[in-house]
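Note sheet for the following structure.
The values are calculated or read from the model by the stated rules, or taken from the named source; none is laboratory data. Because the structure is predicted, anything quoted here is derived from the model rather than measured. All Cβ positions, even for glycine, are placed from backbone atoms using ideal geometry, and neighbour counts span all protein chains on display.
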Amino acid sequence: MMYKVLLILKNCGTRCASALALSCAILATPGASSAQSADQCQVTRTAGRVLVERGDDRDRLTAGEMVRSGDRIITRRRAQVTIRCTGEVAIVVGAQTRIGLDRLLRPEGDATSTSGIDVFRGIVGFLRPGGRRDGFVVRTPSAVAAVRSTEWTIEVDDNATAAFVRDGVVLVGFAEDTVRLTPGDGVDVAADGSGGPVKQWGQGRIDGQSERLGPDW
């Protein structure tokens with residue numbers, strides 16, 4: 001059975017510990033540890049001004065470049081960038097976003113650790129094929145997201161996090177509650193970790209995200 005799980009955790013004490021343990025257990029089920037790591041990730045599309053920080057250097061990022069572990073990617077106003085990794089995984093980054101790739105590329109031969117990225121601000125969409133059996137973890141200032149395969153977005157604004165599912169099934173845990181998201185569902189989690197109700201997002205909000213993420217989303 002393929003599990004698709006998103007855990008949003010903030011200021012929830014033992015609840016956070018148990019939820020994170022659950023995510024680790026799901027990602028450790030048979031098949032996850034034997035998957036190939038995402039050993040290569042390449043920029044396939046840019047629009048507008050996209051920058052990459054590598055150590056003390058900051059340069060323009062262009063289509064065709066390979067990204068490296070430790071890169072920080074920044075999109076300016078109206079900018080977008082798409083990164084595609086081994087296994088048809090796509091990371092679609094919208095405007096005015098900053099992400100960190102410290103954990104995106106696992107060491108060669110390492111099939112036990114979990115890859116992922118950090119989202120500091122802005123909006124990112126994730127496309128992970130249904131056949132993926134390895135885990136992927138996204139961290140924000142107010143959330144931890146652990147998934148296998150689905151299509152979903154994370155948006156960070158002033159440390160608050162919004163999660164939306166376009167395809168797949170996602171469980172969202174925050175404070176003293178856990179909710180289930182199905183296609184079209186979204187939930188907002190405040191910077192203090194308090195979560196709102198699950199709602200079917202209106203078409204205007206969905207279209208707004210799609211416009212910010214661009215044609216690859």
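Please find, within the range 166-177, the residue that is modelled with the lowest pLDDT out of those that are among the aliphatic types (A, V, I, L, M) and not in a strand (DSSP E or B).
Taking the candidates together, the pick is 175.
Taken over the range 196-217, the residue count meeting the criterion of being assigned to a loop (DSSP other than H, G, I, E, B), closer than 19 Å to residue 157 by Cα and of a type in the set (A, V, I, L, M, F, W, C) is 2.
Listed by position, the strands (runs of 3 or more DSSP E) contained in the range 55-120 that have at least 1 residues being under 20 Å from the mean Cα position of the chain (by Cα) and farther than 14 Å from residue 213 by Cβ are 72-75, 80-85, 89-93, 98-100. All conditions in (1) at pLDDT 85 or above; (2) in a loop (DSSP other than H, G, I, E, B) hold for residue 193, with the sole exception of (1). Going by what's in this entry, would residue 168 be described as surrounded by fewer than 16 Cβ atoms within 10 Å (Cβ to Cβ) and under 25 Å from residue 82 (Cβ atoms)? For residue 168, the condition - surrounded by fewer than 16 Cβ atoms within 10 Å (Cβ to Cβ) and under 25 Å from residue 82 (Cβ atoms) - is not met.
Among the residues of the range 138-147, those identified as over 21 Å from residue 52 (Cα atoms) and either modelled with pLDDT of 85 or more or assigned to a strand (DSSP E or B) (or both) are 143, 144, 145, 146, 147. When the residues of the range 148-165 are narrowed to those that are touching a Leu at 6+ places or on another chain (Cβ under 9 Å) and in a strand (DSSP E or B), which ends up farthest from residue 217 (Cα to Cα)? Among those that are touching a Leu at 6+ places or on another chain (Cβ under 9 Å) and in a strand (DSSP E or B), it is 163. With the condition kept exactly as written, say whether any residue in the range 111-125 is among the acidic types (Asp, Glu) and touching a residue at least 40 places away in the same chain (Cβ under 8 Å). Checking the range 111-125: not a single residue is among the acidic types (Asp, Glu) and touching a residue at least 40 places away in the same chain (Cβ under 8 Å).
Right, residue 32: modelled with pLDDT under 95 and under 18 Å from residue 106 (Cβ atoms) or not? Answer is yes for this residue.
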